[in-house]
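Undergrad: Before I ask anything, let me first share the structure, which is written out below as structure tokens.
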Amino acid sequence: MPTAQERSSINTLLPTLEHHWGSITLKAEQVQAIEARLDGRDSLVVLPTGFGKSVCFQAPAVASRGVTVVICPLLALAEDQVNELEDKGVSACLWNGSVETSAKEAIMEEYMEEQEPGEGRLLYVTPEALQTEQLQGLIKCLRERGLLSAMVVDEAHCVSQWGHSFRKEYLEIGAVRRRLAPQIPIQALTATATEAVRRDIVKSLGLREPVVVCSSIDRPNIFLSVVSPAGDDEMELEDLFSWIAGHPGTGLIYVSKRTEADRLADLLCDAGIDAVAYHAGKDQRERQSTQADFMAGDTRVVVATVAFGMGV
């Protein structure tokens, strides 16, 4: 449970924000979400992509004493956030199927150490990893020693009745929380959720009188445009090549199959466009390299499958 210092005004968070994030102006919805966390309240945070959801749990996690467990299905997103946190001087680690056993053992040893408020750590885990005996054992030990600060569920819409077909392990998060850490505050975050989905999230995770924070999904700087294909594969490719040539910078192309991703990436390369395929058929090291090059702007185009959770 939060200490007296954690329950105090959000003003106590300002030195942490300034130290790790620099000059930052919080939006009203971010303040509401952060205050709910500092008060030890469960919360459901529905904010559009790009609004700044991550600071709603990262900042109070850093200012707290102990470990905040962040359940995130998107491997690349989790890795990106961990890298950004480390660049800010924040302790953060990954725990998923690709992490070596020795690395997990090192995390367990490090995270069981005592910490003072302001030295909080974030542990990013997949919903699948949360079902493992080893990680559940760590969570239990952290809770028993008073070192489990909070739990965070990202992409929380996946706990809804329609979402389990993507990652069925999401349906077990509530049971794990109730069994291992029933008194620990939990934050559920998502970009969009209808009223029905919100009710599903509250019920599945067992949120107790949650603070609900919602913002409009209207984004004036984002628009959708639909272009009908010509019906001829060769003409469609020519249109695609022309469009890429006329738009500088990096970009993503999503396709439905791995074979399509490989084929289109090869065709783009043949046309003189720097492109690479990204899908589950690539090994972990190759995917990580592709992601790093894309984030650095060293790869012009990534052709990825639409498989949920790949997280490019």
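The values are calculated or read from the model by the stated rules, or taken from the named source; none is laboratory data. Here the structure is a predicted model, which means the values were calculated and not measured. Please note: Cβ atoms are built from the backbone with ideal geometry, for glycine as well, and neighbour counts cover all protein chains shown. For the accessible areas, the whole protein counts, side chains as well, though only heavy atoms, and no ligand, DNA or RNA atoms are used. Shrake-Rupley method; radii C 1.70, N 1.55, O 1.52, S 1.80 Å.
Undergrad: Filter region 178-213 down to the residues that are of a type in the set (Ser, Thr, Tyr), surrounded by 13 or more Cβ atoms within 10 Å (Cβ to Cβ) and either touching a residue at least 60 places away in the same chain (Cβ under 8 Å) or touching an Asp or Glu at 6+ places or on another chain (Cβ under 9 Å) (or both) and list them by number.
TA: Selection gives Thr190 alone.
Undergrad: So, one more: Which condition breaks for Trp95 when tested against (1) under 20 Å from Ile186 (Cα atoms); (2) modelled with pLDDT under 90; (3) not acidic (Asp, Glu)?
TA: Of (1) under 20 Å from Ile186 (Cα atoms); (2) modelled with pLDDT under 90; (3) not acidic (Asp, Glu), only one is false for Trp95: (2).
Undergrad: Which residues, taken from region 247-268, are over 25 Å from the mean Cα position of the chain (by Cα) and surrounded by 15 or more Cβ atoms within 10 Å (Cβ to Cβ)?
TA: Across region 247-268, the qualifying residues are Glu260, Asp262, Leu264, Ala265, Leu267, Leu268.
Undergrad: Something else about it: So, in region 29-71, how many residues would count as being free of Cβ contacts under 8 Å to residues at least 60 places away in the same chain and of a type in the set (Ser, Thr, Tyr)?
TA: 1
Undergrad: Modelled with pLDDT of 90 or more and over 27 Å from Asn83 (Cα atoms): which single residue out of Asp266, Asp274 fits that description?
TA: When all the criteria are applied, what remains is Asp266.
Undergrad: Which members of region 41-71 meet the condition of being open to solvent by 30 Å² or more (accessible area, probe 1.4 Å), of a type in the set (S, T, N, Q) and either closer than 17 Å to Val31 by Cβ or in a helix (DSSP H, G or I) (or both)?
TA: Within region 41-71, just Ser54 meets the criteria.
Undergrad: Against the definition (surrounded by fewer than 23 Cβ atoms within 10 Å (Cβ to Cβ), at pLDDT 90 or above and over 16 Å from Leu123 (Cβ atoms)), how does Ala4 come out, yes or no?
TA: It is false that Ala4 is surrounded by fewer than 23 Cβ atoms within 10 Å (Cβ to Cβ), at pLDDT 90 or above and over 16 Å from Leu123 (Cβ atoms).
Undergrad: Continuing with the same structure: Quick check on my filter: what residues within region 180-211 are more than 16 Å from Val152 (Cα to Cα) and in a helix (DSSP H, G or I)?
TA: Glu195, Ala196, Val197, Arg199, Asp200 - these are the residues of region 180-211 that are more than 16 Å from Val152 (Cα to Cα) and in a helix (DSSP H, G or I).
Undergrad: Looking at this structure, is Arg219 within 30 Å of Ala156 (Cβ to Cβ), surrounded by 11 or more Cβ atoms within 10 Å (Cβ to Cβ) and at pLDDT 90 or above?
TA: The answer is no for Arg219.
Undergrad: Tell me yes or no: at least one residue of region 15-32 is of a type in the set (A, V, I, L, M, F, W, C) and buried (at least 24 other Cβ atoms within 10 Å of the Cβ).
TA: Within region 15-32, not a single residue is of a type in the set (A, V, I, L, M, F, W, C) and buried (at least 24 other Cβ atoms within 10 Å of the Cβ).
Undergrad: For the condition in contact (Cβ under 8 Å) with a residue 12 or more places away in the chain, aliphatic (A, V, I, L, M), open to solvent by 10 Å² or more (accessible area, probe 1.4 Å) and touching a strand residue (DSSP E or B) at 6+ places or on another chain (Cβ under 8 Å), what is the one hit in Leu94, Leu85, Leu74?
TA: Leu94
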